[in-house]
1. Beta carbons within 10 angstrom, averaged per residue: use that to sort the peptides 381-389, 138-146, highest first.
2. Divide by every residue of the chain the summed helix terms, -39500 (n - 2.57) for each DSSP H run of at least 4, and state the resulting mean residue ellipticity at 222 nm, rounded to the nearest 500 deg cm²/dmol.
3. What's the extension gain from T300 to I205 if we count 0.36 nm per residue and subtract their Cα-Cα distance?
4. For the chain, which whole-number percentage of the solvent-accessible area (1.4 Å probe, protein heavy atoms only) is attributable to carbon and sulfur atoms?
5. Report the percentage of all Cα-Cα pairs in the stretch 70-201 whose separation exceeds 26 Å, rounded to a whole percent.
6. Rg over Rh of the stretch 157-223, using C-alpha atoms and the Kirkwood radius, what does it come to?
7. Given q = 0.22 Å⁻¹, what are the Debye log10 I(q)/I(0) values for the stretch 227-340, with equal point scatterers placed on the Cα positions and solvent ignored?
8. Please compute the net charge surrounding L243, taking Lys and Arg as +1 and Asp and Glu as -1 over other residues with Cβ under 13 Å from its Cβ.
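The values are calculated or read from the model by the stated rules, or taken from the named source; none is laboratory data. All values derive from a computational prediction rather than experimental measurement. Here the Cβ positions follow ideal geometry from the backbone for every residue, glycine too, while neighbour counts run over all protein chains shown. Remember, those area values only see protein heavy atoms, side chains included, never the ligands or the DNA or RNA. Shrake-Rupley method; radii C 1.70, N 1.55, O 1.52, S 1.80 Å.
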Amino acid sequence: MKHTPKFAVITTALAASLAFTACASPAATKDAPEEAPKVLTSIAERLVEEGYPGAIITRTLPDGTAETATAGTADLAADAPVPADGEVRIGSASKPFSAVVALQLVEEGLLELDRSVDTYLPGIIKGEGIDPKAITVRQLLQHTSGLPEYTDLVVKEAFADRDVYRSPRDVLDIALGQPADFPAGERHQYTNTNYIVLGLIIERITQRPLAEQIRDRIVTPLELKHTYLPEPGETGLRGEHPLGYHIDAKGELRDITEYDSSTAWASGAMVSTPAELNTFMKAVLDGELLEPAELDQMLTGIPTGDKIIPGNTYGLGIESSELGGGTTWGHNGYIPGYQTINTVAEDGTAVTLTLTALPNAIYDGPLDGSLDGPPEEFFDFARLSIDALDEALSTP
């Protein structure tokens with residue numbers, strides 16, 4: 001199932017769910033990460049100077065060799081070193097995992113991209129302005145379904161929500177209690193609800209848990225040791241990790257590492273490491289997980305109008321941008337405590353950058369902008385991590 005990579009990879013827009021000294025440690029690539037070149041260390045240190053508690057940058061070369069830099073601290077209370085390849089919550093960087101499973105089911109003849117969701121979940125997807133016979137699986141994957149977003153209703157204050165378990169059906173009920181945003185297929189609008197529905201379809205078809213499908217189809221074949229979808233009720237991280245921080249209702253930065261991510265499920269609940277995420281993204285683009293026809297479908301993108309990176313397009317669970325090195329493909333991940341962005345270049349070089357807080361938890365300016373959203377200064381701050389990723393990719 002080998003396919004020559006046609007594009008590169010990067011993460012882009014902020015998802016709706018809205019540290020550094022050169023070092024080495026075991027990783028999920030063929031070899032342990034080597035000591036980072038000075039450029040990676042300096043990039044990481046600059047991000048910590050902007051206020052982020054800690055960060056990890058891992059660059060995996062085309063031959064599989066990984067270089068890792070860290071800066072800042074893994075624990076603000078203890079000033080502990082940041083683990084070079086620690087486990088982190090990857091937020092919406094989980095979506096490519098769900099998308100790959102779905103596309104493998106397409107290969108197996110068990111799922112059709114242009115069949116309606118009502119075909120696979122009869123009688124379940126319904127609500128004001130929602131026509132389940134008009135919404136296709138492709139539209140779920142590409143965020144053109146018009147289904148309403150649920151995160152704004154349940155993640156208003158992360159610390160109040162951190163111990164709440166919600167089943168996928170609970171989450172879906174919350175989403176479908178709102179009217180459709182627009183008729184299916186009218187336009188692109190990033191909505192986490194799409195991937196909750198996709199996860200339910202995967203489980204209905206396979207008659208097995210989504211976590212098991214991701215493990216058996218992706219994690220085990222790629223020999224990923226620290227990549228998983230948490231079990232119901234699991235709130236901690238299993239392996240060595242930096243603490244994640246978020247701003248509370250009083251405006252204070254607090255540890256939010258212990259967090260029930262069930263609400264995000266198929267759309268953003270997974271855990272991985274920077275090196276393992278590089279391994280996965282490289283495998284996707286190299287055709288190790290998908291046949292050429294399905295990979296081509298995955299990489300067929302539509303414009304998104306993203307405010308962080310102009311020219312962004314979204315395929316099937318993966319997005320593209322234009323960086324200094326050319327066209328790039330990948331996916332961002334934002335969840336309370338962690339932001340993870342990644343890129344795979346045309347030559348097979350992959351970079352993943354993880355920061356242990358979200359931009360809105362660190363940004364010290366006003367977040368109340370116009371009716372169009374936060375002020376431009378906030379987007380400038382959020383772009384710092386994208387610029388850092390671009391520099392790490394393009395500088396030897």
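1. Details: 381-389: 20.1, 138-146: 24.9.
Highest mean packing first, the order is 138-146, 381-389.
2. Working: 14 runs with 117 residues, N = 396.
Value at 222 nm, helices only: -8000 deg cm²/dmol.
3. Working: separation 95, 0.36 × 95 = 34.20 nm, distance 2.46 nm.
Result for the pair: 31.7 nm of gain on full extension.
4. On the way: 7360 of 14800 Å².
Carbon and sulfur together cover 50 percent of it.
5. 34
6. Across the stretch 157-223, the Cα-based Rg/Rh ratio is 1.05.
7. -1.28
8. Values: positive: R89, R254; negative: D75, D79, E87, E240, D255, E258.
Residues close to L243 contribute a combined charge of -4.
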